[in-house]
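Comments concern the structure below.
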Amino acid sequence: KTLRKSLIKKTKTVCPFCGVGCSYEIWTRNEREILKVEPKPESPANGIATCIKGKFGQNYVNSKDRITKPLIKEGDHFREATWEEAIKLVASKLTQIKEKYGPDSIGIIASCTSTNEEAYLAQKFARQVIGTNNIDNCARYCQSPATTGLIRTVGYGADSGSAEDLACADLVILIGTNTAEAHPVIAGKIKRWHKLYNKKLVVIDVRKHEMAERADLFITPNVGTDIILINGIAKFIIDNNWEDKNFIRDRTVGFDDYKKSLEPFTLDYVEKVTGVDKEKIITIAKWIHESKGVSIAWAMGITQHQDGSETSTAISNLLLLTGNYGKPCCGAFPLRGHANVQGAGDVGALYNFLPGYQSLSDEKVRKKFEEAWNCELPKKPGISSTDMVDAILDGRIHAMYIMGEDKVLADADQTKTRDAFTKLDFLVVQDMFMTETAKYADVILPASAPLEKEGTYVNTERRIQRLYKVMEPLGESKSDWEIIQMIARAMGYNWNYSHPSEIMKEISSLAPIFEGVTYDRLEGFKSLQWPVKKDGTDSPYLYKDSFPFPDGKARFYPTKVIEPQNLDENYDLYLINGRMLEHFHWMRMTGKTEGIKYKVPQTFLEMSPELAEKKGLKTGDEVIIESRSGRIKTKVLVSNRVSGNKVFLSIHDDKDMNINWLTLDNKDPTARTPAYKETPVRVEKIESC
Ligand code: SF4
């Protein structure tokens, strides 16, 4: 028994899936055999809880599909190459393209499963080595509109408190978030406070999911009308003199213009447009007024609309109106999807911000980076990830370097993205697997898995945590930071990092929100929530004394309503999409885990019994779903979770049933996030012969 025990290694790390940021010890034997995932009471984001993905979804690291050597395309095939040959080719091609078409002809995508240190190097590579701001990350697909809405109003594009502050509010409003499946451990906290301490829960969603079943009030506004509902609630609060006058006077500016902007949102108008009963709108406004603290959490049900930034702004306005910032048990909670999507943005993998959300146009900030990196920084903002496809098609972008992102499957209208990739002069993909995107690459660089490296992640609570190396990289795969450094060196830049802690030292010297972060302060299960001061004190909740604007005051920001894409006689249903508990995104990792794949082998189209009857369909029938951009085949599930003219398809397919054959490329005009959640479709039964 003692011998058996001595062969077991236990290593602390952070979950590579969602933004809750669960940490745990992984038990391994014989180098790569995973025996157990054990969350600990001291795990700061999760205690002893995890979900199925964290607990049972780690074995993708041993998948036979892992790419273990660099690959170079020859004709229609890839051949194995040495690292030396592959790096030399990448460096010379990127140099040639930069010289021929200019630095802005290259686009770079950082991975949200990479560490902060790796995302930082990806943006440094773009800005210092290539000389472009064409750098972005997968937040563009999901929570960038929330970042926009929050930066406009309160200054930081992040959750204003900890998950505990979300859960302990007197009133929790979940809008456009299927929290129990997409952020299960946070949902657990909300359920506990709701049940044990009698807190109120309102759920606003198109689907009657688990949290909706538990809610004190559940409502379903018409597709694309959430902003009208939020503004209607705000107007009703002002009309009844329920706003927090002291907070507005002492801590905000712009109230009068905001109040004026709400004039059109009368109860009659809001009821008519949203389809939500007037009495229910009044109930929500009343509950907000009666609560000492209100928290609002939202996710892609809000942000993946053309007005995602505007609705996120409206949510933040409502919280300002009612004084729900700057204290515990209240605030704004845009729930982050990927493990390190918050961190990738925090360290500057964004086309419009430098690390720490510092302005590209601030001369003092620019000088600081230019001195540190010994280069002239590109001035104009770059091209967002979702706009890079158009930039390829119109000849502005000639080469791309994509890390850990299956852009073909993630982009709305994947037919267009596939077409664009055939037109690139050069594509480098750095990944663990032969993804749909990697198939278009000229060079594939094998990346090691999160369990195979050190570094840090930032979770949705702005919580910075360390990953430790559970096992050595498989085959010849390497950490992203090592690969980026090899390319930078081959392009003539003397990067000399020997450990991710040295990269974090550089980040903390340049980004004030990280200024007190050191690896020592993050040892083991310790964590810090940014902003972190030099003395190591951190910020479990934000805005206690001031908002990060020159006058220290938050801004009310009047919003614009943008109409959703319309249905017509050919496309008579709205296709909504979202996640399921068991899988993660395009199943790049969970699809390689046998148990999970067995449990949920394929997607299905959920529709209401009334709609199914009207269409002559029953559970198990095969249907074609067709939109203005494509068509796919799947099976029907008749369920009471959806209603009216809405049908639901999960996003978890890695090929033929992928939702993005159907979605359209209409984007939020500010954050450039596609309106994935408002796709007009028609559904037709496939008759068996
Ligand atoms: Fe926790 Fe999210 Fe990982 Fe599940 S997927 S274990 S909730 S971090």
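Every number in this text was worked out from the coordinates using simple rules, so none of it is lab data. Predicted, not measured: the structure shown is a model, and the values here were computed from it. Quick reminder, even Gly has a Cβ in these numbers, built from the backbone with ideal geometry, and neighbours come from all protein chains shown.
Quick look at the values:
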{"read-out": "For region 573-685, size of Cβ-based charge dipole, Lys and Arg +1, Asp and Glu -1, in debye", "value": "80"}
{"read-out": "Listed residue (Gly176, Ser23, Pro378) projecting farthest to the positive dipole end of the chain, Cβ model", "value": "Ser23"}
{"read-out": "Given charges at Cβ of Lys, Arg, Asp, Glu: the chain dipole, positive-most of Gly308, Ile576, Ala86", "value": "Ala86"}
{"read-out": "Sorted by Cβ neighbour density within 10 Å, fewest at the top, the residues Lys278, Lys423", "value": "Lys423, Lys278"}
{"read-out": "Value at 222 nm in deg cm²/dmol, rounded to 500, when DSSP H runs of n ≥ 4 in the chain each add -39,500 (n - 2.57)", "value": "-8500 deg cm²/dmol"}
{"read-out": "Cα Rg over Rh - region 573-685, Kirkwood", "value": "0.97"}
{"read-out": "J(HN,Hα) series, region 339-350, from Karplus relation 6.51 cos²θ - 1.76 cosθ + 1.60, nearest Hz, glycine and proline x", "value": "3, 10, 5, 5, x, 4, x, 4, 8, x, 7, 9"}
{"read-out": "DSSP bridge pairs, the chain: antiparallel proportion in percent, nearest 5", "value": "50"}
{"read-out": "Reachable aspartates and glutamates, given that their alpha-carbon falls under 17 Å from the alpha-carbon of Lys280 and they are not under 8 places away in the same chain", "value": "Asp205, Glu213, Asp216, Asp226, Asp239, Asp268, Glu271, Glu290"}
{"read-out": "Rounded if a/c under 1.5, otherwise prolate or oblate - region 260-370, Cα gyration tensor axes", "value": "prolate"}
{"read-out": "Entries in Lys380/Lys560; Lys124/Lys526; Lys73/Lys667; Lys191/Lys533; Lys191/Lys544 that, when Cα-Cα distance is taken, lie over 31 Å", "value": "Lys73/Lys667; Lys191/Lys533"}
{"read-out": "Ratio of the Cα radius of gyration of the chain to 2.2 N^0.38 Å, where N counts its residues", "value": "0.92"}
{"read-out": "Spatially proximal aspartates and glutamates relative to Lys36 (Cα-Cα < 15 Å; intrachain offsets below 8 disregarded)", "value": "Glu25"}
{"read-out": "Å³ per residue enclosed by the Cα convex hull of region 144-334", "value": "104"}
{"read-out": "Computed magnitude of the charge dipole of the chain (debye, nearest 20; Cβ of K, R +1, Cβ of D, E -1)", "value": "1680"}
{"read-out": "Residues Glu181, Glu31 arranged by fewest to most Cβ contacts within 10 Å", "value": "Glu31, Glu181"}
{"read-out": "Of Lys88/Lys478; Lys453/Lys599; Lys69/Lys407, those spanning more than 20 Å from alpha-carbon to alpha-carbon", "value": "Lys453/Lys599; Lys69/Lys407"}
{"read-out": "Taking the convex hull of Cα positions in region 186-247, its mean projected area over all directions (nm²)", "value": "5.8"}
{"read-out": "Region 2-62: equivalent-ellipsoid semi-axes (sqrt of 5 x gyration tensor eigenvalues, Cα, Å)", "value": "21, 14, 8"}
{"read-out": "Residues Cys330, Cys51, sorted so that the one with the fewest Cβ neighbours within 10 Å comes first", "value": "Cys51, Cys330"}
{"read-out": "Full-extension gain in nm, Asn566 to Asn640, via 0.36 nm per residue minus C-alpha separation", "value": "24.2 nm"}
{"read-out": "For region 2-62, with +1 on Lys and Arg beta carbons and -1 on Asp and Glu, the positive-most of Thr11, Phe56, Leu35 along the dipole", "value": "Leu35"}
{"read-out": "5 angstrom amide H check on Thr456, placed H, neighbours 5+ away", "value": "Asn116, Glu117, Leu467"}
{"read-out": "Dipole moment magnitude, nearest 20 debye, region 2-62 about Cα centre, only Lys, Arg, Asp, Glu C-beta charged", "value": "200"}
